[in-house]
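All remarks here apply to the structure that follows.
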Amino acid sequence: MPLAGPKPLAEKTLPGGRQVLTFENDAAVAEQLVALVTNTANEAIAAKGSFSLCIPAGSVVSALKGLDPKGVDWTKVNIFFTGERLGQNKSYSAALEAFCEKCKIDNVFFPLVRPLFSQGGQPLPQFAVDEAAAAYTALLKSHPSIDNSGPMPSFDLLLLGVGDDGHCGSLHPQSKEVKATGTGVVTFGICSPAKNQIAISMDVMNASKKVILACTGAKKTGAVSRATSGGGHAAPADFYDCPAGIVEPPKGCAIWYTDKASNP
């Protein structure tokens, strides 16, 4: 089914099949994201009766404010997260505010922690973070809307934002989490004085049926250039310098949504 969103100004296919679409500005990218989510949700629901969508926080979620409460049977939509601050649930709150409450989506799955640690804001013990990561892994490997016919959970659609440094989801350059790519880990527990969170792995990202990497604005030009001109594929020493460049589902589809500012 053709998308109802704006047509890109330019299109490019990279080695390996990744696509790069360039739109006028971030507003056009937001419109395209809304059209894509609507279209993909309806196709998945027609095919299998449910739709699994994994989202980050930030501008990508804000772009989904344009979703139409009448455009999809939202009772059959299931929302998961690329990462979440434990006990604070900022990604969850942002999703509720942007579109879940408006569209009356009840199946929104944030990671759970023991009640003693559920208030957020304080450092958590390692075991509590590990428990939350294990519980989210169990959820992703058992939820009926997610395809688990292969070794890794496979979302119908994964949306990713890209940072100035090329990070995506909660996977940062040269971090131990991105260096674990290929090990089969599903969910990481990240425990530090400044950050207590879960993060899905690159292996899960690359198992998704369709991945959209949204990257707009002049500050993102370097990240787009590194990721789409080789990025993580360039050389072994540089492999983990740009996590967004490693996103390349072997059995799926990875598409970059850029604008004239980020991809001149």
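The values are calculated or read from the model by the stated rules, or taken from the named source; none is laboratory data. Just so it is clear, the structure is predicted and the values come from calculations on it, not from any experiment. All Cβ positions, glycine included, derive from the backbone under ideal geometry; neighbour counts span all protein chains shown.
Of all residues in the range 81-116, which are aromatic (Phe, Trp, Tyr) and within 17 Å of Leu36 (Cβ to Cβ)? Before you say what the answer is, go through the steps one by one.
Here is the first cut: in the range 81-116, the residues aromatic (Phe, Trp, Tyr) are 81, 92, 99, 109-110.
Residue satisfying the conditions is Phe99 alone.
Looking at the structure I just gave you, is Gly87 touching a Ser or Thr at 6+ places or on another chain (Cβ under 7 Å) and either of a type in the set (Phe, Trp, Tyr) or within 23 Å of Asp203 (Cα to Cα) (or both)? Before the answer, list the steps.
On the way: touching a Ser or Thr at 6+ places or on another chain (Cβ under 7 Å): yes; either of a type in the set (Phe, Trp, Tyr) or within 23 Å of Asp203 (Cα to Cα) (or both): no.
Considered against the rule, which asks whether it is touching a Ser or Thr at 6+ places or on another chain (Cβ under 7 Å) and either of a type in the set (Phe, Trp, Tyr) or within 23 Å of Asp203 (Cα to Cα) (or both), Gly87 comes out as no.
Applying the set (1) over 20 Å from Phe109 (Cα atoms); (2) out of contact with any His (no Cβ under 8 Å at 6 or more places or on another chain); (3) of a type outside the set (Val, Ile, Thr) to Asp156 leaves exactly one unmet item: (1). None of Val29, Val72, Val34 is in contact with a strand residue (DSSP E or B) (Cβ under 7 Å, 6 or more places away or on another chain) and either at pLDDT below 95 or within 23 Å of Ala95 (Cβ to Cβ) (or both) except Val29.
Has the range 112-124 got at least one residue that is within 17 Å of the chain's Cα centre (by Cα) and touching a residue at least 12 places away in the same chain (Cβ under 8 Å)? No, the range 112-124 contains no residue that is within 17 Å of the chain's Cα centre (by Cα) and touching a residue at least 12 places away in the same chain (Cβ under 8 Å).
Screening Ile45 with (1) closer than 26 Å to Pro243 by Cβ; (2) in a helix (DSSP H, G or I); (3) not charged (D, E, K, R) gives one miss only, at (1). Quick check: is even one residue across the range 227-234 surrounded by fewer than 24 Cβ atoms within 10 Å (Cβ to Cβ) and closer than 29 Å to Val113 by Cα? No, the range 227-234 contains no residue that is surrounded by fewer than 24 Cβ atoms within 10 Å (Cβ to Cβ) and closer than 29 Å to Val113 by Cα.
Filtered by the rule that a residue be part of a helix (DSSP H, G or I), touching a helix residue (DSSP H, G or I) at 6+ places or on another chain (Cβ under 8 Å) and not hydroxyl-bearing (Ser, Thr, Tyr), the range 48-71 gives Val60, Val61, Ala63, Leu64, Lys65, Gly66.
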